[in-house]
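Participant: Can you keep this structure in mind? I'll have questions shortly.
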Amino acid sequence: MFFLSFFFLIIFVLMGVAYFTLFERKILGYVQFRKGPNSVGFLGLFQPFSDALKLFSKEYYFLIFGNYFIYFFVPILGLVISLIFWLLYPLYFNFISFIYGLLFFLCCSGVGVYIIMISGWSSNSIYSMLGSLRSVAQSISYEVCFFLVVLCFVIFFSSFSLFIFIYVQLDMWIFFVCFPLFFIFFSCCLAETNRSPFDFSEGESELVSGFNVEYSSFMFSLFFLSEYSNMMFMSFFVVLMFFGSDVYSIFFFFKFIFFLFFFVWVRCTFPRYRYDKLMYLSWSCYLPVVLNYLFFFISLSIYLFFIFFSMFTFFLFKNK
């Protein structure tokens with residue numbers, strides 16, 4: 001039952017990625033006063049399948065120099081890691097329940113940096129190497145704030161389980177209590193997924209297409225699928241952490257689609273940052289705020305512990 005559930009989950013995630021690309025192209029079209037894809041099928045609904053056929057049937061070229069095994073293996077590993085994230089979906093039955101779900105998420109998201117770095121190195125190209133170095137520096141910088149935000153909730157709730165967010169947010173969303181943390185966390189999600197305005201691994205004017213410039217055909221499509229799968233999971237994770245974890249209601253999925261729209265909306269609206277401003281934003285703006293929140297949550301949890309301990313001892317001695 002576990003393998004069957006995971007198989008169907010992967011199928012639906014890949015279908016969601018396909019229609020997320022159509023959704024993005026439609027929004028980009030309407031922002032620029034165009035129709036977007038509307039020729040293939042009714043209202044362009046078969047456009048993702050047409051794009052998939054085009055990508056997978058393109059001619060694939062082989063590099064003369066480069067590490068072949070790593071070069072071919074890294075895109076597959078990147079897609080597998082982005083799909084493994086979806087194991088964390090908090091279902092009670094017919095699936096796996098992670099007690100340490102947040103810890104598993106932090107470990108898997110940390111491995112994503114190595115995918116970018118090794119793919120740029122194994123291509124044996126100056127452009128891909130520079131793109132991978134810039135992307136790795138960016139990801140490491142924003143992962144610090146990203147992990148510290150998650151650590152704030154781990155310390156306060158004293159649990160690594162994702163189910164704790166369902167129980168805590170029954171009456172009130174965490175967003176209303178920690179809305180500065182939400183904005184920091186969402187911008188870190190944009191930086192982690194290499195989306196605009198943080199898409200420095202794909203600076204077209206100086207780095208062509210970044211770390212994946214030497215990939216073509218189905219290998220490039222694997223990077224494409226993993227990036228959009230990561231964006232979908234980050235949208236799901238943001239809603240789960242800050243906007244009520246009612247995963248069994250239809251309202252949860254409306255919030256999820258809104259954040260997918262938000263990813264595209266940011267791409268339509270904001271220009272790319274300058275690289276030094278990107279690093280300044282991470283280390284000089286976000287990090288002090290998140291560290292202050294971390295110390296606040298640590299002190300608050302210690303304070304609550306002493307209150308509960310004193311109340312427990314008081315009632316214990318009173319009963320005696």
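The values are calculated or read from the model by the stated rules, or taken from the named source; none is laboratory data. No experiment lies behind these values; they were computed from the predicted model shown. Here the Cβ is made from the backbone with ideal geometry for all residues, glycine too, and neighbour counts use every protein chain on show.
Participant: Residue by residue through the range 11-31, note down the ones that are surrounded by fewer than 17 Cβ atoms within 10 Å (Cβ to Cβ) and in contact with a Cys (Cβ under 8 Å, 6 or more places away or on another chain).
Facilitator: The answer is Leu28, Val31.
Here is a yes/no grid of residues against (1) at pLDDT 85 or above; (2) farther than 21 Å from Phe305 by Cβ; (3) surrounded by fewer than 17 Cβ atoms within 10 Å (Cβ to Cβ); (4) among the basic types (Lys, Arg):
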{"residue": "Ile140", "(1), (2), (3), (4)": "yes, yes, yes, no"}
{"residue": "Glu143", "(1), (2), (3), (4)": "yes, yes, no, no"}
{"residue": "Phe146", "(1), (2), (3), (4)": "yes, yes, no, no"}
{"residue": "Val149", "(1), (2), (3), (4)": "yes, yes, no, no"}
{"residue": "Val154", "(1), (2), (3), (4)": "yes, no, no, no"}
{"residue": "Phe163", "(1), (2), (3), (4)": "no, yes, yes, no"}
{"residue": "Asp171", "(1), (2), (3), (4)": "no, yes, yes, no"}
{"residue": "Ile174", "(1), (2), (3), (4)": "yes, no, no, no"}
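Participant: Sticking with this one: Looking at the range 114-146, which of its residues are within 16 Å of Ser187 (Cβ to Cβ) and of a type outside the set (Ser, Thr, Tyr)?
Facilitator: Gln138, Ile140, Glu143, Val144, Cys145, Phe146
Here is a yes/no grid of residues against (1) under 14 Å from Phe224 (Cα atoms); (2) assigned to a helix (DSSP H, G or I); (3) under 24 Å from the mean Cα position of the chain (by Cα); (4) free of Cβ contacts under 8 Å to residues at least 60 places away in the same chain:
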residue	(1), (2), (3), (4)
Leu4	no, yes, no, yes
Ile10	no, yes, yes, no
Gly16	yes, yes, yes, no
Lys26	no, yes, yes, yes
Gly29	no, yes, no, yes
Lys35	no, no, no, yes
Ser39	no, no, no, yes
Ser50	no, yes, no, yes
Lys54	yes, yes, no, yes
